[in-house]
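Before I ask anything, let me first share the structure, which is written out below as structure tokens.
The values are calculated or read from the model by the stated rules, or taken from the named source; none is laboratory data. Quick caveat: nothing in here was measured; it's all calculated off a predicted structure. In this analysis, Cβ positions are derived from the backbone assuming ideal geometry, glycine residues included, and neighbour counts consider all displayed protein chains. Heads up: the accessible areas ignore ligands, DNA and RNA and are worked out on the full protein's heavy atoms, side chains in. Shrake-Rupley method; radii C 1.70, N 1.55, O 1.52, S 1.80 Å.
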Amino acid sequence: MRLFKITILLFLLFSILLPAEGKGFEQKQVKAFRTEDGIQIDGILNEAVWQLEGFGGFLQSDPIDGAPETEGTTVWIAFDDKSLYIAARLYDTDPENIVRRLGRRDDEVESDWFTFTVDPYYDRRSGYLFAVNPSGSILDGTLFNDEGKDMTWDGVWESAVYIDAKGWAVEMRIPFHQFRFKKQDLYTWGVNFFRVIKRKNEKTVFSWVPKEESGYVSRFAILTGIRNINPGRFLEFLPFIVGKAGYSPEEKGNPFQTGEEYLGNSGLDFKAGLQSNLTLNLTVNPDFGQVEVDPAVINISDQETYYREKRPFFIEGADIFRFGYGGANTQVNLGWRNPSFFYSRRIGRAPQGHVYSDGYVDYPEWTTILSAAKLTGKLGNGWNIGFLNAFTEREYGNIELNQKRWGEEVEPFSYYGVLRTQKEFNKGHQGLGIIATSVLRNLRSEGLENRLTRNALSLAFDGWTFLDNERTWVITGWFGGTRISGSKEAITRIQRSSMHYFQRPDIDYVSLNENATTLCGWAGRVFLNKQKGNIVFNAALGAISPGFNAMDMGYHTRGDKINGHIMAGYQTFHPGKIFRNWKLTLATYQGYDFGGNRTDEYYNFNASGQFLNYWKSTFYLSYDPVRYSHYLTRGGPMALYPWGFIRRLSISSDNRKPFVLIVSGHYRTHPHGSYNWSLTATLRWKPRSNLSLSIGPGYSWRHSVGQYIACIEDELKVETYGTRYIMSDVIQETLPIEIRVNWTFSPRLSLQAYLQPFIGVGDFFKFKELVAARTFDFDYYAEGDASIALENNTYAVDPDGPGPAEEFYFKNPDFNLKSLRGTIVLRWEYKPGSTFYAVWTQNRADYSYPGDFQVGRDLKAIFNATGENIFLLKFNYRFKL
């Protein structure tokens, strides 16, 4: 292993000393023509402005990088006072075989496409994307960090297509007020055009960038000719009304579970262009009932499950709040996950308090968002800005007992704020950014005062700099701190939580302070990346201090970590005898705590490639030596963690075909008997141009011989500092099945269905305790003088028979979760920006037969289980002023 590290370090030195790869490029130019005549958006290019000489000369990026396009393409740009117009004639010698799949908005279906991209601020790093396919389906999004795309933004624009004997044609009209740009008399923008010919897997581009090079927005052509425009004020209101009916099993005597519930709601979304380069979004009493439900998971670790954001207000334009990723076009995280200072699902989360009284309880599922506002755009001198504020309502759990009803507060009135700014210098050669977040809670109840922080603040800086003029090497990094404050009880609870474990008895660099009312910490990382060329290289060094806590507004895994990695490899982008492209990498990473204990060490090999028949495959091998773990005992002393070996393989078929198959599997072994494996497969069927069905079953089997169960204080157990750490073997089996249906009737009318049957079973056995700190040795309760017995679903343990240790008890941890979650959404955009939703959501669950996995019986139990059905109608209407 030492030889491996030395080789990698020498490779780093050699790579840095190499001359920078890459060549300068000649920037193309496109001229926009002013039109005084109205342009009818119908896809028929019969207007006078489209008879002028257009622009062509597209080159392939696939399948042969840099080769001329096999079918001709000509584009034009025109404008008037209010809008930008784009036209394209996409010639095709076989128009009958143009792939014209129909998809809902922002669903990049496997079809031919034409894409227009524009950088109206001409910062060479950001912009907008608009795409149309031959069926009229559309995509739109924003561009950031030169090579990043965010497809959550939805603009209001028009498009039309027309298919004839020459191929097909596109027309677009994009109002200027949809862009953010600095108002001037004469404009210089960046533009580019892309085309996909799906049956050939051919991708062509107007302003071509070799695959060995880097850059996207920075390589756009120059657009000239736009002058004397009057975008006008952008102002729109989007009021909505919602009707909801919920049906669930009736519980006799429970006044909150009558079997039926009917609710109505209304609210308002507002969007305004404050200037030509700033946008204000405001939502009052938002409702997100149309979003897809979260998938079911089984989590028996001590870390929170991460769910991705799906609510439109928060995902639209979310790229501006991305932190720590600027500059580098590849971010590799080995043994590391960048903390997120802003995790929008904290806003409107499930209430965090408890009801302490007896009786029937009606507990709110989510915290109501009273209002939220988001300001995004650019300020003078090129500062990007994102500023989000939200207020959430005080929530109560309603209780009824003996015909008396009252409420107990379970979530305080709260304010959430995040400010993000970033500025590029020297045409994007350097950048500097800031993010600041705050959570302020009005705590009135003792229960919440003892549980939640009163204030949570964070401040962090990020930036990057390229090391050479060709932008081959870049260093990017960030550094930030957090401070939380609250009662002694709340801060003590957080210190003892799985994020910190300050109560660990065998460390001296942190300690539990039960009188503390604040907790502070810091984190940071620096990252070196080679941006382009055949040689792959990146390295990073990061640390998260023991006291770092951004969980009130952000998301991260536990702290007390110092991590570093080095990755090197080789890649090729051009077809050979077997592969169209391939990539090989070797990597190593190590991790330490702040006491110098090695807690992570891995060595891995990764190979991936695309075959000539457009199938893809990835193969991965990883070896992790013996190391130490703070977390096996969950707040107890450090334990040894044995070495392991991981193999992974995935294969995917050609996505042009009616049937597309993706298969992946992994197998992990440890010398002490633990091992796990999984197999997943997704089959997607496209029976018609507007219909796609997929089913994705998976199965995982895990046997662990060191699963934490509980800790029992016992001063006799001196080897583990006066506490017995109860462990077990566990066999955990999961069977998730994800089913999706996408049925698109027109570009503005679609039906989506998501269904997930899920089985998760855990069978715990061979109960035991850790013999001593810094070992992976156990004393089994069914051996020697010790004894264990199960009665009434509770284990009774005598750890030493006739010895002085007292008997103790713990609940049987076996489980068997069978659930069915599903959502069907009918979406109709009946006019641009105005939408009607009809939604059906179902949830059902069953917990019988804990610890016993039988597929047939458990699947049957899912569909026999009682559940909840929710029907929702939502109607909004866009008023443009």
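Once you compute Rg and the Kirkwood Rh from C-alpha atoms, what is the Rg to Rh ratio for the chain? Intermediate results must be reported in sequence, preceding the final value.
Working: Rg = 29.5 Å, Rh = 30.5 Å.
A ratio of 0.97.
Where only protein heavy atoms count, and the probe is 1.4 Å, what is the accessible area per residue for the chain in Å²?
Numbers: 38740 Å² over 881 residues.
On a per-residue basis, the chain sits at 44 Å².
Hey, for a label at LEU661 modelled as a point 7 Å past Cα toward Cβ, could you say which residues of the range 732-755 have their backbone N under 17 Å away?
Output list for this probe position: empty.
Additional query: Share of the range 728-797's accessible area from carbon and sulfur, percent, 1.4 Å?
Details: 1590 of 3020 Å².
C and S fraction of accessible area: 53 percent.
On the protein heavy atoms, probe 1.4 angstrom, tell me the percent of accessible surface of the range 515-606 carried by carbon and sulfur. Mind showing how you got there, number by number?
Values: 1900 of 3170 Å².
Exposed carbon and sulfur together represent 60 percent of the surface.
Any idea what % of Cα-Cα pairs in the range 672-743 are farther than 17 Å?
Percentage above 17 Å: 65.
Could you order peptides 752-761, 227-236, 867-876 by the average number of other Cβ atoms within 10 Å of their residues, highest first? Before the final figure, lay out the partial values.
On the way: 752-761: 20.2, 227-236: 14.4, 867-876: 17.4.
For the peptides 752-761, 227-236, 867-876, the packing ranking is 752-761, 867-876, 227-236.
What is the Cα centroid distance between the range 520-542 and the range 65-88, reported in whole angstrom?
38 Å
Once neighbouring chains are kept in place and the probe is 1.4 Å, which whole percent of the accessible area of the range 164-296 is contributed by carbon and sulfur? If you can, show how the numbers build up before the last one.
Values: 2890 of 5520 Å².
So the carbon and sulfur contribution to the accessible surface is 52 percent.
List the lysines whose alpha-carbon lies under 19 Å from that of LYS860, not counting same-chain residues fewer than 8 positions away?
By straight Cα distance, LYS860 reaches LYS818.
Hey, with R₀ at 51 Å, roughly what FRET efficiency would ASP106 and ASP785 work out to, going by the Cβ-Cβ distance, to 0.05? Can you show the working numbers first?
On the way: r = 66 Å, r/R0 = 1.29.
Given R0 = 51 Å and the Cβ-Cβ separation, E is 0.20.
Can you work out D for the range 536-614 in µm² s⁻¹ from Stokes-Einstein, where Rh is the Kirkwood radius over C-alpha pairs, the temperature is 20 °C and the viscosity is 1.002 mPa s?
Numbers: Rh = 15.2 Å.
So the translational diffusion coefficient is about 141 µm²/s.
With all pairs of different alpha carbon atoms counted, what Kirkwood hydrodynamic radius in Å does the range 511-579 show? List each step's numbers first, then the result.
Numbers: mean 1/r = 0.0640 Å⁻¹.
Averaging 1/r across every pair of different Cα atoms and inverting gives 15.6 Å.
Here's a follow-up. Over its Cα atoms, what ratio of radius of gyration to 2.2 N^0.38 Å does the range 167-224 give?
Numbers: Rg = 14.8 Å, N = 58, 2.2 N^0.38 = 10.3 Å.
Expressed relative to 2.2 N^0.38 Å, the Cα Rg reads 1.44.
Moving to a separate point now. If you count, for each residue, the other Cβ atoms within 10 Å and average over each peptide, how do 142-150, 338-346 line up from highest to lowest? Before the final figure, lay out the partial values.
Details: 142-150: 20.3, 338-346: 22.0.
Order by mean packing, descending: 338-346, 142-150.
In addition: For the range 702-829, go through all pairs of different Cα atoms, get the mean of 1/r, take its inverse, and jot down that Kirkwood value in Å. Before the final figure, lay out the partial values.
Working: mean 1/r = 0.0556 Å⁻¹.
Here the Kirkwood hydrodynamic radius works out to 18.0 Å.
Residue separation times 0.36 nm, minus the C-alpha to C-alpha distance between ASP852 and ILE824: what's the value?
Working: separation 28, 0.36 × 28 = 10.08 nm, distance 3.17 nm.
So the chain would gain 6.9 nm between ASP852 and ILE824.
Another one. For the chain, what is the charge dipole size about the Cα centre, in debye to the nearest 20, if Lys and Arg each add +1 at the Cβ and Asp and Glu each add -1 at the Cβ?
Values: 97 positive and 99 negative charges, 545 e Å.
Taking the Cα centre of the chain as origin, the dipole is about 2620 debye.
So, one more: In whole Å, how far is the Cα centre of the range 157-223 from that of the range 841-862?
The two parts, judged by their Cα centres, are 51 Å apart.
Take peptides 581-588, 166-173, 595-602 and line them up by average Cβ neighbours within 10 Å, highest first, as a rough protection proxy. If you can, show how the numbers build up before the last one.
Values: 581-588: 18.6, 166-173: 21.8, 595-602: 17.0.
The densest-packed peptide leads the list: 166-173, 581-588, 595-602.
How far is the Cα center of the range 326-370 from the Cα center of the range 723-792, in Å?
23 Å
What does the helix-only formula give at 222 nm for the chain: each DSSP H stretch with n ≥ 4 adding -39500 (n - 2.57), the total divided by the residues, and the result rounded to the nearest 500 deg cm²/dmol? Show your work: numbers first, answer last.
Details: 5 runs with 43 residues, N = 881.
Roughly -1500 deg cm²/dmol at 222 nm, from the helical runs in the chain.
Taking each pair of distinct Cα atoms in the range 29-149 once, what is the resulting Kirkwood hydrodynamic radius in Å?
Numbers: mean 1/r = 0.0619 Å⁻¹.
About 16.1 Å, per the Kirkwood formula over Cα pairs.
Give the lysines reachable from LYS532 as a straight Cα distance under 19 Å; neighbours fewer than 8 places away on the same chain don't count.
Partners found: LYS23, LYS149, LYS211, LYS427, LYS583.
Dipole of the chain (Lys/Arg Cβ +1, Asp/Glu Cβ -1, origin at the Cα centre): which of GLY431, ILE347, GLN495 lies farthest to the positive side?
About the Cα centre, the residue reaching furthest to the positive side is GLY431.
Stretched out fully, how many nm does the piece from LEU612 to GLU309 gain, at 0.36 nm a residue minus the Cα gap? Could the numbers behind the result be given before it?
Numbers: separation 303, 0.36 × 303 = 109.08 nm, distance 3.67 nm.
Additional length available on full extension: 105.4 nm.
If one puts a single equal scatterer on every Cα of the range 465-525 and applies the Debye formula without solvent, what log₁₀ I(q)/I(0) results at q = 0.21, 0.24, 0.25 Å⁻¹?
Debye output, listed in q order: -0.85, -1.02, -1.07.
Could you give each residue of the range 469-485 its phi-based ³J(HN,Hα) in whole Hz, using Karplus coefficients 6.51, -1.76, 1.60 with θ = phi - 60°, and x for Gly or Pro?
Running phi through 6.51 cos²θ - 1.76 cosθ + 1.60 with θ = phi - 60° gives 5, 7, 6, 7, 10, 9, 10, 10, x, 7, 8, x, x, 10, 9, 10, 9 Hz.
Can you find, among ASN381, TRP582, GLY167, the residue sitting farthest towards the positive end of the charge dipole of the chain, where Lys and Arg contribute +1 and Asp and Glu -1 at Cβ?
Highest projection toward the positive end goes to GLY167.
Among the complete DSSP H segments of the chain, which ones combine at least 20 Å of alpha-carbon extent along their axis with a mean Kyte-Doolittle hydropathy of -0.5 or more?
Values: long enough: 2-17 (23 Å, 2.17).
Span-like helices, by this rule, are 2-17.
Another question, then. Assuming 0.36 nm per residue, please report the length gained on full extension of the stretch LYS831 to TYR570 beyond their Cα-Cα distance. Kindly include the intermediate steps, with their values, before the conclusion.
Details: separation 261, 0.36 × 261 = 93.96 nm, distance 5.01 nm.
Net length gain for the segment: 89.0 nm.
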